[in-house]
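Please read the structure below before turning to the comments.
Every read-out reported here was derived from the displayed coordinates using simple, explicitly stated rules and does not represent laboratory data. Note that this is a predicted model, so its numbers are computed, not measured. Neighbour counts run over all protein chains shown; Cβ positions are idealised from the backbone, glycine included.
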Amino acid sequence: MKHTSITLLTLTAAASFAQSAPASASAFTTTGNLSYTSDYVFRGITQNGGKTALQGGFDVSHASGLSAGVWASNVNWTNTTLEVDLYANYGFSLTKDIAASVGYLAYVYEGNSSLNTSELNVSATAYGLTAKISYATTDYFGIVGSGTMYYELNYAYDIAAVKGLSLALHYGITDGKSATSNDKDYAIALSYPIAGFTGTVSYSNGSGTYAGAYEGITAVSLKKTF
């Protein structure tokens, strides 16, 4: 239950560029991504029992701030082996330094439709810090109930002392009708370019009953964006 999409800052930059670009320039931008990870972790919980995952996605954005995409990963839980995420967002500027976004995200699971669910979300980004709220619009499999909220803070920082090295921090809280209600999770990750890829080492910790034996997960991944 994770997706890779065009960031708010990218959307804002694309919109600004479109305003100054020649009229003949396309208003659309496309990006793709492919990654391999030692463990697929979402909100502090492994989605494949500690096994490796191959993941990939494709995004289309418009200079107006609209974007949509699809992302997929193999998973290994509750009689399903494939997760596909479908999403759409609208990004816009609140002030010179603050970008915002509203979006919709659907999670679809091959072979087990009882897991399928969707969320509405809203977020704001400033100075590398993103605050986001997600609202579950459907029930699925007794794990998450409609109306469950997920609050998160994410921070991205480029470490000037080492060119290309970046730090990412995450903190989240699940609140509502959920088997993981009032759970808290956090993560820390370091990324560095490697032979045209982005290599990342991350540590994530979920604190709830559903996370169970999977608390405290270290994962290594390689990602290519094109």
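Per-structure values
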read-out	value
Reachable aspartates and glutamates, given that their alpha-carbon falls under 18 Å from the alpha-carbon of residue 96 and they are not under 8 places away in the same chain	none
Added length on full extension, which subtracts the Cα-Cα distance from 0.36 nm per residue, residue 175 to residue 58	39.1 nm
Highest to lowest packing among 89-97, 119-127, scored as the average C-beta count within 10 Å	119-127, 89-97
Residue 88-residue 222 FRET efficiency (beta carbon distance; Förster radius 30 Å; 0.05 resolution)	0.60
Region 28-88 shape via C-alpha gyration tensor axes, a/c threshold 1.5	prolate
Two-site label geometry, residue 192 and residue 153: point separation in nm, points 7 Å out along Cα→Cβ	2.8
Spatially proximal lysines relative to residue 184 (Cα-Cα < 21 Å; intrachain offsets below 8 disregarded)	2, 132
R0 of 22 Å, Cβ-Cβ distance residue 203-residue 76: FRET efficiency to nearest 0.05	0.60
Cα-based shape type of region 65-105, given that a ≥ b ≥ c are square roots of the gyration tensor eigenvalues and the cut on a/c is 1.5	prolate
